Structures are given as structure tokens and as C-alpha cells.
Amino acid sequence: MADLSIEFAGIKAPNPFWLASAPPTDKAYNVVRAFEAGWGGVVWKTLGEDPAAVNVSSRYSAHFGANREVLGFNNIELITDRSLEINLREITQVKQAWPDRALIVSLMVPCVEESWKTILPLVAATGCDGIELNFGCPHGMPERGMGAAVGQVPEYVERVTRWCKTYSSLPVIVKLTPNITDIRTAARAAYRGGADAVSLINTINSITSVDLERMVANPIVGSQSTHGGYCGSAVKPIALNMVAEIARDPETRGLPICGIGGIGSWRDAAEFVALGCGAVQVCTAAMLHGFRIVEQMQDGLSRWMDSQGYQRLADFSGKAVGNTTDWKYLDINYQVIARIDQDACIGCGRCHIACEDTSHQAIASLAQADGTHRYEVIDEECVGCNLCQITCPVQDCIEMLAQDNGKPFLDWQHDPRNPYRIAG
Amino acid sequence: MIDTLSHLPRPHAGAVELADRFGDLAPPLTARQAALESARCLYCYDAPCVNACPSEIDIPSFIRSIQQENVQGAAQTILSANILGGSCARVCPTEVLCQQACVRNNAEECAPVLIGLLQRHAIDNAQFGEHPFQRAPASGKRIAVVGAGPAGLSCAHRLALYGHEVVIFEAREKAGGLNEYGIAAYKLVDDFAQREVEFLLQIGGIEIRHGHRLGVELSLSLLRQQFDAVFLAIGLAASKRLGLADEQAPGLLAATDYIRELRQADDLSQLPLAERCIVLGAGNTAIDMAVQMSKLGAHDVNLVYRRGFAEMGATEHEQAIAKANQVRLLTWAQPQEVLLDDQGRVRGMRFARTQQVDGRLQSTGESFELTADAIFSAIGQAFDASALVDPLARELKREGERIWVDATLRTSLPGVYAGGDCTALGQDLTVQAVQHGKLAAEAIHSHLMSNVEAA
Ligand SMILES: Cc1cc2nc3c(=O)[nH]c(=O)nc-3n(C[C@H](O)[C@H](O)[C@H](O)COP(=O)(O)OP(=O)(O)OC[C@H]3O[C@@H](n4cnc5c(N)ncnc54)[C@H](O)[C@@H]3O)c2cc1C
Ligand SMILES: Cc1cc2nc3c(=O)[nH]c(=O)nc-3n(C[C@H](O)[C@H](O)[C@H](O)COP(=O)(O)O)c2cc1C
Ligand code: SF4
Ligand code: SF4
Ligand code: SF4
């Protein structure tokens, strides 16, 4: 069996599945249940200065798929709404009872040196394994100059990170906000400030839906609403890209990354690891299904690793980073063509209409005597865009076949059609 | 009352219990079920299901509207292709029509989308403040429709939509045709058939004259003189005969006669019950008859067919309904003799065993007898030739006994159109009749309008 244990930024954990700082890690009761279920670590719900935050009702909303499956999740909650004292006491107790699990404390206090200087020793006294700086909360807290308001200004990120490294010996993980143009700017700032790792993403500014009867967005508070933070399955692609951007940035080379955003299965987690993460955090999937999901995640990941011959996470961590590059380095001579498996095809016509209306008119619809249609790819017209394969409802029915066109590797930088090509 | 069965007892069960047994065969979908099922539709392009629907309903479109919580829009899409979409959703043998063709109708996809039930969901749940179709300005044209069954009603609605005035001449007291008098009670429950007719008539411009029977009170020649066009939709008003001696004996009658009585009964416990009965035939009518008698409380219902299961007109789904209602299906047996008791009433039937030799049906020489209190013949509906007796009507070209029409529902007589069961075109199904009516209306309209333009 593969060994799932990790050491991430100096923090040891029996497995890489951690719960992200959020309601699942809000108090001892939840965290103990999470550890009982098998989670390798938690990032405690973000602590702040007293008085504790006060939340509104209601707080969540979602973007649903056709079968009411939750595609994306949105919240307008603030950081912990319990006193600092209670949280610190519970953290101390839980860490004592569960010494083998990673227990990281998320923090958000005003961008003032004194505030950090005061809180850090209190946190260290709990015996926790590290701290995570919440520079990401996109709703509520930024209006008070915290959370994303800090995360969006590289100088603040660097400065606060440095204070933390100065006033604490604990590993410092900087949690980044995705509500920013270039995620690398923030990661570089954290790196300069001495961060031991970055974690990302926090939630994305969002409005999931509008109640058209009441003419107010969701979630509704009285007769009003406000934008929230988006997370869950829908944000995974955004998170993966941001992780990859940092992983392949030479300026922050070697900076450990903890992946967060839309992780709900072992496969999601493996993808984050492949793009350079050393651990992952989960929030929404646990909120929707409970802590038990970690069982299938652990089991699935270790079986897959066994099948691949990976003994530990480090064996494949970052393996897909090298293959992620800029557009200009892609092989312009590479060509794939769609091929329909006629035995698997159920004749829904979706590939045809998609290509016909919106792409390259490369799938012919041939009327059959019995009134049905047969769909065939016109090889000469197919540009290999994948659209038909994506809209096809049958798994593996359309295959994108690499063509042996005899042409050598050629990127745009050297393509004669590029007026600004590199000569030579 | 059905005279020839007046000697039989009444059902043991009370009216309430019976009404319950005759409840909806396929109950409507709940909102949750409709949401789940509509999400299963792949929104196919050139969808095979549409091709398989005789009335060409845009199925992917209406299902997507349901998915998007727009049942009103879904209903309008259905009704614009099939104004009797509500009854079709209930009576169509979807297993051989739309759902048969659904791309999800295979093991890999688990099951076809339940198109019929979704169609019913849309129609049942749409609430139209006013009739959803508006008539074009009056054209000044008048059209006679003979027969207020699905074909006649569908034609009338489409014609009224185009601004024409329509008079429907109907022999019976109620409109609806077999929707009112023939379809099994558990498929079209309560007064749905009448409510649907009322809805359809809301468009205006349609007058129904009951008690006018072509061949008796009406002649085709007169209709053609008085109207700009005539649409014949008189269905199949007669039943095929067995051709045996004693066919008039008390205890033997056409299944459709019994079903008509049943459909009109306010209190099912007052119907005659044949505790032991024989139903002859293998189509929908035979199944419906057998199942309904079983529901009334008969404990020995035998459906006898001269050929095998594979040749049965009733679909597998229908056969399964029969079996689920304790109907015994006997194949390869042909009626030979009606057996009478000493008072001359049916006591059973003798059958010859049959077999297929070189594609021909033959008697094996063996025979057997079944005891029965009544025999219901459901070996097929027949064209009632007495409707076409006036000199002009006699000129109509026929195909077999039915009226010949071309693909645009024109008969051999200019200005006279026909559709539904009384023609040989297509299958004898409600949805087919609706489509005929619709196409005939289109043909009549374009003919009348082209004359206007030319004038
Ligand atoms: C027992 C039974 C069960 C059936 N079950 C199903 C089913 O489950 N699903 C399905 O799709 N189809 C079913 N069918 C077939 C379906 O009912 C017919 O195909 C459909 O009703 C045909 O419509 P129509 O308008 O052509 O004829 P009809 O419905 O027969 O209507 C003809 C109308 O014309 C009137 N009429 C007749 N003669 C004259 C005249 N001389 N002058 C004036 N008016 C006249 C009649 O009174 C009637 O109102 C069933 C048929 C029967 C008999
Ligand atoms: C209700 C809710 C509250 C959250 N509160 C915090 C918080 O206090 N601190 C924090 O750093 N992130 C918070 N987050 C963000 C999550 O930790 C996580 O970064 C985000 O949800 C993306 O992961 P996911 O897609 O697995 O949910 C919260 C998320 C949710 C849904
Ligand atoms: S989308 Fe797939 S299943 Fe549908 S017609 Fe095309 S190849 Fe066949
Ligand atoms: S009318 Fe009948 S065949 Fe057509 S879609 Fe509806 S249920 Fe299916
Ligand atoms: S064939 Fe089936 S899946 Fe496709 S549009 Fe019709 S009902 Fe939907």
C-alpha cells in the first residue's frame, strides 16, 4: 500500500487530506469528528481579535446543475464568531488529544504590527503545528481592511508575512485570494516575506443566482443580499490554473503549495498534487456530504498510487508541471482528429449540431432509411478542437486521434507564419 | 343497458372500490420526478423521438422547457403540434412510438426518457388564463367536419386557427370519438376527454351539431354544396363479425359495445359482470376488454388469439398489463362454435387449435372448449359503409373498405378530405388521427387560400 503520510512545510500529517479553514473546523466538536473520520489535518476556522465577528442569516447559496447537484457554493460568513479565548482553549485540547494530526490555526487581524505581535504567542501556546494567514476572505472582512483587502496588495502580504516570521517560530502558510489579476504577484510577495508555504485558493467573489420574484440575489438577508465567496466543484479549474502558475514560476521555485478549491474526490486531489501541491484542503465537499468522504479519498488515492507504482506523494508531486507551458511553446504541427465509435454512438446528433452551428462543419449528418441519422467526421474539415467529444453524452464514444502527419515539432516562436518569429 | 348481457350478475365490489380499481394506470409524475426525468433528456438534434412521434411534437424542446421550469411553454409546444397532446400523452403506445426511438432506449443508457409522462406533466400543470392559440382574422370560409373524434377535432381546431368557420357533424351525443367511448377507462380517467374537448373549443369558430349522422341525416352531396370543403373523420363505427352461427345469442357481443357502456357508466357496480369470459382478438381493444372485465371482478378471463404472441397487435407492454390483471392469454386457437345452454344463451366456445404451415394458418385438427358466461369479440373495427350511401359518397375511391386518401389527406373527390381510422393511411392510433386532422386542415387551408389569391 502507498504511504500517504506527508511532511508539508515542516508539518507532519498521516495523510494529505486536510479540512480548510471554514465551518467544518469551527470548533472542537467538529474537528474531533473530522479526526475520527480520518482527516490528516485541519486548518482551524479563522481567528481574529475580540470581539468576535457576528454573522447574518441566511448565509449560503448555490449554483445548481440540472439534477440539483451543487456545482458551486457561495457564502457570506465572516471569520469565527466565537471568542478568541474559547477557540484557543479548544485548539490546545484537541492538539493534545490528537498529536499525530496536523493542526494549523488560521488568523486574520488588522494590518497592524502590534495586532500580530500580540496574537502570535497566544496561538503558539496552543501547541499547534503552524499558522495560515487568511488574506483571502472576499466578503465582509475586506470592508474592514482585512482578508482580501490585504491579499490584493503585495506589499501588505509581504509585510504581514514578515511580521509573522519575526514574532513566531511556527511554519507560516499564506492563503491567497484568487480575486486578483496575476496570482504570482501575491505568491512572490509571500515568498519574499519568508512564507514557508502558500495555500490557495480562497473563495471567488460571486453572486450565484437572483430570486426573480423578490428581485434580490441569493442568499437573502431580509430584503437584501451581498456578494459572497464562491467555492466547490465549479472553482476547481480556476484553482488548478493558479496552482500551476505558481508551481512553474521560477521566482518562487521550491515554495510548497497547499491546493484548495473544489476538491471532492481522490482524483481531484491527485490532480492538484500532479500540478505541484504537497497537501490539499477541502471545504465544500465536506460541507455537503459530511466528513466520511475522506475514506473514499484515501482509499482511492492509495489504490491509484499503487497502480502507478508511486510509493509516496512526493513521487508524483509536480509531475505535470513541466508539461504545463505557455501557448507560444506549443507544437503547432501537432494534429488530432475526432473519430466516432459508431457502435457506441447513440445517434443524439449533439456533435453534429455543435460543430455545424458553432465550429467547423466537420461532422456530417447522414439521413438513414429508418429516419435516424448517422454521424461521420469529415477528416479534412476537423481542426481537432474537442468540442464534439465534450458535448457527446457517451463516455469514450468520440476519440481524438493523434495524426502522424510527418511534420516536425514547431512552436509559434519559430513558425514562418509568425511575423515576429525568432529567426534561425 | 346491454340487453344481451342482462341475464348476468352485477360486480360484487361496490362503486367506490371499483372506481379505485379503474384509477390511473400510469399515475402522473410528481414535480420532483418530472425534474429528474427531464434532466435525462439529451436534447438531441434531429431527435429520433420526434421522427417517431406521428404528430411530430418537438420533444427535446418541450422537455427542456420543463427542465427550465417553464411548463406553460412546454405545453404550448406540445399543443401547437398536437392539440390533443393531453390524451395522447395518456393513450399513446409510447413503447412503440417516441420512447422506442429515444436514444436512451438501450441497456447502456438504462431506459428511454419517459416522454409520454413528461408530456402529460406539462399539459396537466400548465394553466392558461385564456386559450393559448389566437385565431387569424375571419377568412369567410366554412368547412364541414364529419365526426368529432380525434381526427375531426384536430382538423377543426387547426382550421379555426386559420380563421375559418367550422361545423362538426357528430352522430353521438358527446364529442371525443373513441377518447370518450372507446379508450380503456384506466388510461383516460374521469372526464378528461370532455375537458379536453372544451379546451379545444375555446379557440372559437367551431360549432358541433350532435345527432347528425352521415348516411342518415346528412349526405356528402349536400355538405359539399353548402361548405367550402368537407373533412370526413368518421372512424370505424362497425365491428368485424366472427362469421359463426349463433353470433346473435345473448352473451355474445362486440367488445367496443361493452366498453362504450363502461365508459359512460357513472356507477361501475351496475354493469353486467361475466365472471367467466372469453375475449377474442389480440389488439388493444381485446386487451382493454379483458383487463376491464378482470377489474370488474371476473375471475376467469381468457383472451384467445388464433396466432402467436409475436403476431399480436397489442404491444408487449399491453400484454404485460393483461397478465398483471390475471388475464390468461391463449394463443393458436380459433373460434369454431358458440356453445349455448338450453335457454339459448352463451355457455362457452369451442376452439380449433391452429398452427402456421408455410406462412399459412391451419387447423391442427384438435379442438377444445372453454366455459364462459359471455364472449366479447374484439377481432377488429370495421368501416361502416352505411355512412357513404348518397350518390356522391358512393363515388369516393376506396382502399379495401376504407376511404382512399393521398399523403395530403385528399380523397378522390375535389374539396373532400378524410383522415383518421376511416382511411387506410397510417396506424389506427389516436395520435395518428390527430396528425391526419392537422395535415388535412393545412391542405384545406392552403387550397382555399390559393383560390382566394387567384381570384
Ligand atoms: C377499444 C379501443 C381502444 C383503443 N385504445 C387506443 C389506445 O390505447 N391508444 C391509441 O393510440 N389508440 C387506441 N385506439 C384507437 C384510437 O381510439 C383511434 O385510432 C382514434 O380514436 C381514431 O380517431 P378518429 O377520429 O379517426 O375516429 P373515432 O375516434 O372513431 O371518431 C369518429 C367519430 O365520428 C363519429 N361518427 C362515426 N360515424 C359517423 C357518421 N356516419 N356521421 C357522423 N359522425 C360519425 C363517431 O361517433 C366518432 O365521434 C383504440 C381503439 C379502440 C376501439
Ligand atoms: C462557509 C464558508 C466559510 C469559510 N470561511 C473561511 C474562513 O474563515 N477562513 C478561510 O481562510 N477560508 C474560509 N473559507 C474558504 C475555504 O477555506 C476554502 O478556501 C474554499 O471554500 C475553497 O475550497 P472548497 O472548494 O473545497 O470549498 C470558507 C468557505 C466557506 C464555504
Ligand atoms: S454526440 Fe456522440 S452519441 Fe451523439 S451522435 Fe455524436 S458521436 Fe453519437
Ligand atoms: S403524442 Fe404520443 S407519440 Fe407523440 S410524443 Fe406524445 S406520447 Fe409520444
Ligand atoms: S431521443 Fe430521447 S434523449 Fe433524445 S431528445 Fe428525444 S427524448 Fe430526449
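The values are calculated or read from the model by the stated rules, or taken from the named source; none is laboratory data. Computed from a predicted structure; not experimentally measured. With ideal geometry, Cβ positions are generated from the backbone for all residues, glycine too; neighbour counts draw on all protein chains shown. With ligands, DNA and RNA removed, areas are computed over all heavy atoms of the protein, side chains included. Shrake-Rupley method; radii C 1.70, N 1.55, O 1.52, S 1.80 Å.
Of note:
- B:W404, A:W163, A:W116, ranked by accessible area, largest first (probe 1.4 Å): B:W404, A:W163, A:W116
- For chain A, the share of DSSP beta bridges that are antiparallel, to the nearest 5, is 50%.
- Calculated from the alpha-carbon coordinates, the stretch A:1-121 shows an Rg and a Dmax of 16.4, 51 Å respectively.
- Kirkwood Rh in Å, taken over the stretch A:327-414 so that all alpha-carbon pairs contribute: 14.0
- Potential lengthening between B:F128 and B:Q343 on full extension [0.36 nm per residue; Cα-Cα distance subtracted]: 71.6 nm
- Nearest-10 value in Å² for the accessible area of B:K141, using the 1.4 Å probe: 50
- Distance cut-off 32 Å, percentage of C-alpha pairs in chain A lying past it: 45
- Approximating the spin labels as points 7 Å out from Cα along Cα→Cβ, the B:L361-to-B:R10 distance works out to 3.9 nm.
- Column: log10 I(q)/I(0), Debye, Cα scatterers of the stretch B:1-73, q = 0.15, 0.21, 0.25 Å⁻¹: -0.68, -0.99, -1.18
- Distant-in-sequence amide H partners of B:L330 (H built 1.01 Å from N, under 5 Å): B:L303, B:V304, B:Y305
- Distance between modelled label sites at B:N451 and B:R353, nm, 7 Å Cα→Cβ extension: 6.3
- Take the convex hull of the alpha carbons in the stretch A:107-210; its mean projected area over all directions comes to 6.7 nm².
- Label point 7 Å beyond Cα of B:S221 along Cβ direction - residues of the stretch B:390-419 with amide nitrogen under 17 Å: B:390-397, B:413-414, B:416
- Annotation: amide H-H contacts under 5 Å for B:Y162 (H modelled 1.01 Å from N, sequence separation of 5 or more, or interchain): B:A136.
- Remark on the stretch B:77-205: Rg and Dmax equal 16.4, 56 Å (Cα only).
- Values of log10 I(q)/I(0) for the protein assembly as shown across q = 0.06, 0.08 Å⁻¹ run -0.63, -0.88, by the Debye formula with one identical scatterer at each alpha carbon and no solvent.
- Under 27 Å from A:K12, Cα to Cα: lysines that are on another chain or at least 8 residues apart: A:K27, A:K45, A:K95, A:K117, A:K165, A:K175, A:K236, A:K319
- Comparing B:L244, B:P272, B:G182 along the charge dipole axis of the stretch B:148-300, the residue lying farthest to the positive side is B:L244, per the Cβ-charge model.
- With DNA, RNA and ligands ignored, accessible area of A:E7 (1.4 Å probe; Å², nearest 10): 120
- Kirkwood analysis of the stretch B:117-191, using all unique Cα-Cα pairs, places the hydrodynamic radius at 14.3 Å.
- The residues packed around B:A81, meaning those with a beta-carbon under 14 Å from its beta-carbon, carry a net charge of -1 if Lys and Arg are +1 and Asp and Glu are -1.
- Put simply, the convex hull of the Cα atoms in the stretch B:102-153 casts, on average, a shadow of 6.8 nm².
- Solvent accessible area, Å² - A:I91, 1.4 Å probe, full protein context: 0
- Sorted from longest to shortest, the spans of the Cα atoms of the stretch B:241-395 along the three principal axes equal 49, 47, 40 Å.
- Under 10 Å, Cβ to Cβ, from A:N55 - net charge with Lys/Arg +1 and Asp/Glu -1: -1
- Using the Cβ-Cβ distance between A:I207 and A:T185 with R0 set to 25 Å, the FRET efficiency from 1/(1 + (r/R0)^6) comes to roughly 0.45.
- Principal-axis tilt of helix A:28-37 within chain A, Cα atoms, nearest 10 degrees: 50
- Heavy-atom SASA rank of A:I332, B:I287 (probe 1.4 Å, accessible area, largest first): A:I332, B:I287
- Residues whose amide H lies under 5 Å from that of B:C277, counting only those 5 or more places away or on a different chain, are B:D300, B:V301, B:N302, B:D373; hydrogens are built 1.01 Å from N in the peptide plane.
- Using distinct alpha-carbon pairs, which all enter the 1/r mean, Kirkwood radius of chain B in Å: 23.3
- Top positive-direction residue, dipole computed over the protein assembly as shown with Cβ charges, set B:P27, A:I104, A:N418: A:I104
- Computed over protein heavy atoms with a 1.4 Å probe, the carbon and sulfur contribution to the accessible area of the stretch B:31-125 reaches 46%.
- Residue-by-residue Karplus 3J(HN,Hα) for the stretch A:83-88, coefficients 6.51, -1.76, 1.60, Hz, glycine and proline x: 5, 4, 4, 4, 4, 5
- Set of lysines near B:K295 by C-alpha distance (under 22 Å), chain-local residues within fewer than 8 positions excluded: B:K187, B:K323
- Label-to-label distance, nm, for residues given as A:R374 and B:V189 (7 Å Cα→Cβ offset): 4.7
- With every protein chain in place and a 1.4 angstrom probe, the accessible-area ranking of A:H373, B:H164, B:H299, largest first, reads B:H299, A:H373, B:H164.
- At 0.890 mPa s and 25 °C, Stokes D of the stretch A:276-381 from Kirkwood alpha-carbon radius, µm² per second: 130
- To the nearest ten degrees, helix B:284-296 and the longest principal axis of the Cα atoms of chain B are 60 degrees apart.
- Projecting the Cα atoms of A:T252, A:G278, A:L120 onto the dipole axis of chain A, where Lys and Arg carry +1 and Asp and Glu carry -1 at the beta carbon, places A:L120 farthest toward the positive end.
- Rounded tilt (10° steps) of B:150-161 against the dominant C-alpha axis of chain B: 10
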